[in-house]
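What follows is a single structure, written as structure tokens, with notes after it.
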């Protein structure tokens, strides 16, 4: 079952570091806006996690886990500029699942592989409470943005589109 090991790895990390967290059980849901309502918090406190394919040139491809507030979109032009890339787009579902260790809708704002570079928008880190599905559709986790930053150690860059609200990414 995809995500089972990733869930255990996340919980082991939180417990080993004595990071305060709270689990929330809810109906199975992977859409940020819907699961935020089930969890009972504003959508901007959710971590929206999207696996991207970044091509610097025709031969060089890397994968990036972009984490933005739940009410925002990933600004692909900002990611393209950040990596001086020719192309940025969504990773195919199989690659995203393999790299994230879980199915779409349950991707954590953590990377447990060197093949997936983690980049978080500063507005994610700034959250007093940060909510995300815990590698499961029926369970979520809440930790502070500061604890998330300390544990995950993402590259912190402006990658959320400042004017776009809603699901997905912004293409220009």
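Residues that are touching a strand residue (DSSP E or B) at 6+ places or on another chain (Cβ under 7 Å) and at pLDDT below 90 within region 139-172 comprise 164, 165, 166, 168, 169, 170, listed in sequence order.
Each residue in region 64-88 was checked for being farther than 24 Å from residue 35 by Cβ and in a strand (DSSP E or B), and 2 pass.
Restricting the first member to region 70-95 and to residues that are on the phi > 0 side of the Ramachandran plot, and the second to residues that are surrounded by fewer than 20 Cβ atoms within 10 Å (Cβ to Cβ) and at pLDDT below 95, the beta-carbon pairs closer than 7 Å and six or more apart or on different chains are 84/56.
If the condition is being in contact (Cβ under 8 Å) with a residue 12 or more places away in the chain and on the phi > 0 side of the Ramachandran plot, then region 1-54 contributes only 3. Can residue 53 be described as exposed (fewer than 15 other Cβ atoms within 10 Å of the Cβ) and either touching a strand residue (DSSP E or B) at 6+ places or on another chain (Cβ under 6 Å) or part of a strand (DSSP E or B) (or both)? The answer is no for residue 53. For region 89-101, the set of residues classified as outside any helix (DSSP H, G or I) and closer than 15 Å to residue 49 by Cβ consists of 90, 91, 101, listed by residue number.
When residue 112 is tested against (1) surrounded by fewer than 18 Cβ atoms within 10 Å (Cβ to Cβ); (2) under 14 Å from the mean Cα position of the chain (by Cα); (3) closer than 22 Å to residue 161 by Cβ, just one condition goes unmet, and that condition is (3).
Residue check: is residue 20 surrounded by fewer than 16 Cβ atoms within 10 Å (Cβ to Cβ) and at pLDDT 95 or above? Step through it out loud before you land on a result.
Values: surrounded by fewer than 16 Cβ atoms within 10 Å (Cβ to Cβ): yes; at pLDDT 95 or above: yes.
The answer is yes for residue 20.
Out of curiosity, is residue 34 out of contact with any strand residue (DSSP E or B) (no Cβ under 6 Å at 6 or more places or on another chain), in a helix (DSSP H, G or I) and buried (at least 19 other Cβ atoms within 10 Å of the Cβ)? Here the answer is no, as residue 34 does not meet what is asked. Among the residues of region 96-125, those identified as within 22 Å of residue 72 (Cβ to Cβ) and free of Cβ contacts under 8 Å to residues at least 40 places away in the same chain are 122, 125. Within region 126-159, the set of residues being assigned to a strand (DSSP E or B) and without any contact (Cβ under 8 Å) to a residue 60 or more places away in the chain comprises 155, 156.
The values are calculated or read from the model by the stated rules, or taken from the named source; none is laboratory data. Everything quoted here is computed from the prediction, not taken from an experiment. Every residue, glycine among them, receives a Cβ derived from its backbone with ideal geometry; neighbour counts consider all protein chains shown.
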